[in-house]
Amino acid sequence: MTVQFDAATGRLRLPRDEFDALATLVRGGDVDNARLAELRSAGAVRGRQPHPVLVPVLGAVAEPVCGLRLELVDDQRRTEQGEGWVAGDAAALLLESPEAGQCELVAVHPMFLPAAIARIVRLGPRPRIPAAEPLQVRPELLDRLTSHHSGVREDAARELPPGASAAALASGLRLDWSVRASWTGLRDSLGGRTLRVLDTVAGLWLVEPGGGAMVVWPTTPTAVWRALVLLLPRDVELSR
Amino acid sequence: MQDFRHPAEGFVLPVPTEWQQVVDAQPGIPLVAIEPERGPWFRANAVLTIEPLDPTLGLDAWQDQALQMLPQVLDEFLLVDLEDIELGGQPARRTLAHYAAQAGAVTAELWATVHESRGYTLTTSVGTLEYDDLVDTFTAMAHGLRP
C-alpha cells in the first residue's frame, strides 16, 4: 500500500501525487477515483471527507495564512525538501521521506513550528566561530568552500582574505539549510522572510544575498533560534 | 527592573517591576518571579534555585549532570544551545532549550554559576513565539545576579 495512515497518531505517509489529490479534495476540487480509492483504503478519507484527525491540518493546507519551503543540502550535495502551510491554530509540514517518492505529513501547532524546524535541520549546540567578521563570497566560491573534498575547500579558502573566518568557513559542511516563509501582506503585497544557514564543523553561519555575492556571517544556535521564532508573520504584516 | 535582595540568602537579582514575586516558594527555590496574568498564555517567569554542591564538583560536571536530567522531566525537550559565559565575573554556563508545557511551547534559558560550593541556577522561561520579546530582559536579569 502506498498510502499509510495511522488514525491514532495522525501520521500520514503517501506519495506526493496522493497528497496533491488530498489537498485538491479539501479545497473542494475533483479527484480521480483511483487516487481517492487509495486514500480511502488507507483510512485517510471517508467518503469524500478527510478523516477527522486530519481536518485541522488539512484546513491549514487548504487556506494557509503563510507558506513554508524548506531545503536541506548535505556535504554530499544530497537534497531534502519540505513544504509547509500555516493557519491560525494549525500548521502542516510535508517532508520528503528517505524512501523514494514518499512524503510524510506532520501536524504541528504553529507555536511548535520553530522546534519542528529545528529538529528537521538538527539545530543544537555548536562551537563558536572565533572570528566575528562577515565574508563576502561569490556563490560559485561558496560551493567550493563547502565541498566535501577538503583539498577543494582549502584551495577555495586561499581566495578569501586570510584569517580565521576563511579557515572556519572551509572547515567542512555538515548541512546547508534554508527555510522561507511567504504570505500575502498589506495591500496584497508579497511578504516573506528567508533564513539560510550553513552548519559547518567550525560552527554556524547565516547566508544573505548581498549585491551579486553572498554575505556569510558567523552566528550561533541562539541567534538561529531567534530567527526561527521570528520567521512567521506577525498580525500587522498580514493583509487580514 | 528593580533589584530584589533575598532577606536570608543575601543574593540580589533584578526583576521586572510589575512581575509578581514569590519568596521561598519551596526549599531550594528562594525566588520565583512571574509576569502578570494575561489569559490562557504561558506566563513568562524566572525561577532561582540554589543547591549545595559537592566541593569537588565543578561547574561543568554539575551542569553536565543537570543537562542529563532535563529530557527526563520535560516533554519534547530540545537542546538548542550551550555557552560558557561569565556572570558577575564568575564562570557560568547558559543553556537554551525548548519543551512542551500544558500551556504550549516554551523556550527556557538556564543560567548557572557556582558560588561558595553552592550552585545557583536562574531559569528564565517564556512562550516560544514571545522569546524574542523577552530575551534582553532575561539576559539583563542573569547578568545582574549577584550571589
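The values are calculated or read from the model by the stated rules, or taken from the named source; none is laboratory data. Note that the coordinates shown come from a computational prediction; the quantities given were computed from them, not determined experimentally. No Cβ is skipped: glycine too gets one built from the backbone with ideal geometry, and neighbour counts run over all protein chains shown. Accessible surface areas use protein heavy atoms only, side chains included; no ligands, DNA or RNA. Shrake-Rupley method; radii C 1.70, N 1.55, O 1.52, S 1.80 Å.
Across segment A:192-230, which residue is modelled with the lowest pLDDT among those that are part of a loop (DSSP other than H, G, I, E, B) and more than 10 Å from chain B (Cβ to nearest Cβ)?
Initially, segment A:192-230 is screened for residues part of a loop (DSSP other than H, G, I, E, B), giving A:201-202, A:211-212, A:220, A:230.
Of the ones still in play, those that are also more than 10 Å from chain B (Cβ to nearest Cβ) are A:201-202, A:211-212.
Values: A:VAL201: 96, A:ALA202: 95, A:GLY211: 76, A:GLY212: 82.
In this case the residue turns out to be A:GLY211.
Scanning segment B:84-116 for residues that are open to solvent by 50 Å² or more (accessible area, probe 1.4 Å) and over 13 Å from B:HIS143 (Cβ atoms) yields B:ASP84, B:PRO91, B:GLN102, B:HIS115, B:GLU116. Considering segment B:32-147, the qualifying strands (runs of 3 or more DSSP E), each wholly inside and each with 2 or more residues that are of a type in the set (Asp, Glu) and within 14 Å of another protein chain (Cβ to nearest Cβ), run over B:75-87. Filter segment A:88-137 down to the residues that are away from chain B (no Cβ under 14 Å) and assigned to a loop (DSSP other than H, G, I, E, B) and list them by number. Selection gives A:SER97, A:PRO98, A:GLU99, A:ALA100, A:GLY101, A:ALA131, A:ALA132, A:GLU133, A:PRO134.
The number of residues in segment A:225-240 being in contact with a Lys or Arg (Cβ under 9 Å, 6 or more places away or on another chain) and surrounded by 15 or more Cβ atoms within 10 Å (Cβ to Cβ) comes to 5.
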